[in-house]
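Undergrad: Dropping a structure here in structure tokens format, bear with me for questions.
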Amino acid sequence: MSGGASVLLDLLFPPRCAFCRALLRRGESGLCQRCQRELPWISGPAAEQKPEFVSLCASPLWYEGAVRASFHRFKFKGRSGYAQVYGRLTAQCVRDHLSGRYDLITWVPLSPERLKKRGYDQAMLLACATALELGDVETLRKVRDAEAQSGLAGGAGARRANVLGAYQAADPELVAGRRVLLIDDVITTGATISECARTLRTAGAADVLCATLARTP
């Protein structure tokens, strides 16, 4: 896009912070200085957890307040452009906690049915944005349409049963012997990520790590 066209778009649709929606000032990109200071950042060991079949999962933000509201706009209101700033935050988290421990990247995919309904795969967008700096290879695809995890009652057991058998390796030869970094948007009970990791390990992955934008408190 030419410089003139970019300036015109900024005048017509001034860029806003992906989290608080405040108008961005000169030099800010996707995230305002206030949110940079005040978002519920996670640091140190609290940013890490170990779901089943995953050696380590890291997340830069708690899923609450402005983060939750922003993500709902991203996932349900068509704000797919948020993926760029989300990807920067996730990539930095990967550098801080998982650097040098993976060979390729994939994401937790939507089923074709849900992708058709939503119009885009939010985890894929997040993974691709993250991969601009870290690299990207597709290894998973959804093979059956499970009920959305966010709508389930019954806790971790119900979520685990809901995703059991829902994934398969898209290219087992690519996965075999490799260390895989799995990207998803939010981790709650870890059931979805654990099922994807189990699938990857069954396909021969040497190790599975994970990064998400946020985790529930």
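The values are calculated or read from the model by the stated rules, or taken from the named source; none is laboratory data. No experiment lies behind these values; they were computed from the predicted model shown. We place every Cβ from the backbone using ideal geometry, glycine too, and count neighbours over all the protein chains shown. Surface accessibility is based on the protein's heavy atoms, side chains included, excluding ligands, DNA and RNA. Shrake-Rupley method; radii C 1.70, N 1.55, O 1.52, S 1.80 Å.
Undergrad: How about the stretch 99-123: which of its residues are more than 25 Å from Ala58 (Cβ to Cβ) and outside any loop (DSSP other than H, G, I, E, B)?
TA: Applying the first criterion (more than 25 Å from Ala58 (Cβ to Cβ)) to the stretch 99-123 yields 111-119.
Matches in the stretch 99-123: Pro112, Glu113, Arg114, Leu115, Lys116, Lys117, Arg118.
Undergrad: Of all residues in the stretch 96-107, which are of a type outside the set (Asp, Glu), modelled with pLDDT under 95 and surrounded by 14 or more Cβ atoms within 10 Å (Cβ to Cβ)?
TA: Tyr102, Leu104, Ile105, Thr106, Trp107
Undergrad: Looking only at the stretch 71-92, count how many residues are closer than 21 Å to Glu133 by Cβ, in contact with a helix residue (DSSP H, G or I) (Cβ under 7 Å, 6 or more places away or on another chain) and either of a type outside the set (A, V, I, L, M) or surrounded by 22 or more Cβ atoms within 10 Å (Cβ to Cβ) (or both).
TA: Total satisfying the criteria: 8.
Undergrad: Let me ask something additional. Looking at the structure I just gave you, is Ala58 touching a residue at least 60 places away in the same chain (Cβ under 8 Å) and among the small types (Gly, Ala, Ser)? Please lay out each step first, then the result.
TA: On the way: touching a residue at least 60 places away in the same chain (Cβ under 8 Å): yes; among the small types (Gly, Ala, Ser): yes.
Yes: the conditions hold for Ala58.
Undergrad: Can you go through Phe19, Phe53 and tell me which one is surrounded by 14 or more Cβ atoms within 10 Å (Cβ to Cβ), over 17 Å from the mean Cα position of the chain (by Cα) and either aromatic (Phe, Trp, Tyr) or under 30 Å from Ala205 (Cα atoms) (or both)? Even if it seems obvious, please write down each step before you answer.
TA: Details: Phe19 fails: over 17 Å from the mean Cα position of the chain (by Cα).
Unique residue meeting the criteria: Phe53.
Undergrad: When both residues are 6+ apart or on different chains and their Cβ atoms are under 9 Å apart, which pairs have a first residue that lies in the stretch 85-111 and is among the charged types (D, E, K, R), and a second that is open to solvent by less than 10 Å² (accessible area, probe 1.4 Å) and at pLDDT below 95?
TA: Cβ pairs passing all conditions: Arg88/Thr130; Arg101/Leu181; Asp103/Val180; Asp103/Leu181.
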